[in-house]
Amino acid sequence: CLPISLMAQTVINSDGIRYLIENDHALIGRQDKDLSGAVVIPSSISYDGKSYNVTGFVAPTNLTAWSSNEVTCEGGAFQDCQITSIVLPNTITSINAGAFDGCRSLTKIVLPEQLTNIGAASLANCTALQELSIPSTVTSFGSYTFGNCSNLKTISIPDGVSALCEGCFMGCGIDSLYVPERMQTLADNSLAVRNLKALKIGVKDLTKLSYSLNTFGTVDNAKLYVPKGSINV
């Protein structure tokens, strides 16, 4: 057997934010729960005379679950922190599961321009968040991504998103939403939005759209707009 060389992970603190140095790049580490205020993440940090691009987030310690209308995901980077706003650099293309779960004071987040994935429960329980601008480059949301964002009123699903995973918008405050043309799947409780009043389906052939009896949870009295000629379907 050949010996395996493992690079030791180094945790550093830069401007009050904890990072993990790994394989010539930096990941945003798990932060202290008392971290508060406005946060700006740089595109790179310096350590021991060397520069490291900030490319992502540390992975959570446990997977995401939904129980009794609560999203849980242990070990997210900023989980349960008191931050009020955050700006993420364009060097990040994916947000890991649980990254901002439980950030109940977070009112503003500026997402990277080339972001492609927003992970499971990554913005769950951000109850102060009222609006969010999602880059057009995003192609996937995870399960319960926006779960229990009860004051989230305004959001647009990018055209490249083809599936809403389980509980994606469950418990959000959205009253209207547009489902883009490329959408293929609306999973259980993905649109269980208590305040939903209108949903417009942009999918031209509804026979190619997969959904379940529980897609809308207990939502009722909402208007559903579909392409002309698709009412029966």
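The values are calculated or read from the model by the stated rules, or taken from the named source; none is laboratory data. It should be emphasised that the depicted structure is a prediction, and the values quoted were computed from it without experimental measurement. Heads up, the Cβs are rebuilt from the backbone with ideal geometry, glycines too, and the neighbour counts pull from every protein chain shown. These area figures cover heavy atoms from the full protein model, side chains too; ligands, DNA and RNA do not enter into them. Shrake-Rupley method; radii C 1.70, N 1.55, O 1.52, S 1.80 Å.
The table that follows gives values for the structure above.
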{"item": "Matching residues, region 36-45, being on the phi < 0 side of the Ramachandran plot and either at pLDDT below 95 or open to solvent by less than 90 Å² (accessible area, probe 1.4 Å) (or both)", "result": "Ser36, Ala38, Val39, Ile41, Pro42, Ser43, Ser44, Ile45"}
{"item": "Filter result for Ser94 (free of Cβ contacts under 8 Å to residues at least 40 places away in the same chain, over 15 Å from Val39 (Cα atoms) and open to solvent by 10 Å² or more (accessible area, probe 1.4 Å))", "result": "yes"}
{"item": "Matching entry among Glu70, Glu113 (being at pLDDT below 95, over 14 Å from the mean Cα position of the chain (by Cα) and farther than 16 Å from Ile17 by Cβ)", "result": "Glu70"}
{"item": "Residue match in region 205-215 (condition: under 23 Å from Thr137 (Cα atoms), part of a loop (DSSP other than H, G, I, E, B), open to solvent by less than 10 Å² (accessible area, probe 1.4 Å) and at pLDDT 95 or above)", "result": "no"}
{"item": "Filtered residues of region 171-192 (kept if assigned to a loop (DSSP other than H, G, I, E, B) and open to solvent by 30 Å² or more (accessible area, probe 1.4 Å))", "result": "Asp175, Glu181, Arg182, Gln184, Asp188, Asn189"}
{"item": "Failed criterion for Val161 (all others in (1) among the aliphatic types (A, V, I, L, M); (2) touching a Pro at 6+ places or on another chain (Cβ under 8 Å); (3) open to solvent by 60 Å² or more (accessible area, probe 1.4 Å) hold)", "result": "(3)"}
{"item": "Check on Ser105, in contact (Cβ under 8 Å) with a residue 60 or more places away in the chain and either hydroxyl-bearing (Ser, Thr, Tyr) or assigned to a loop (DSSP other than H, G, I, E, B) (or both)", "result": "yes"}
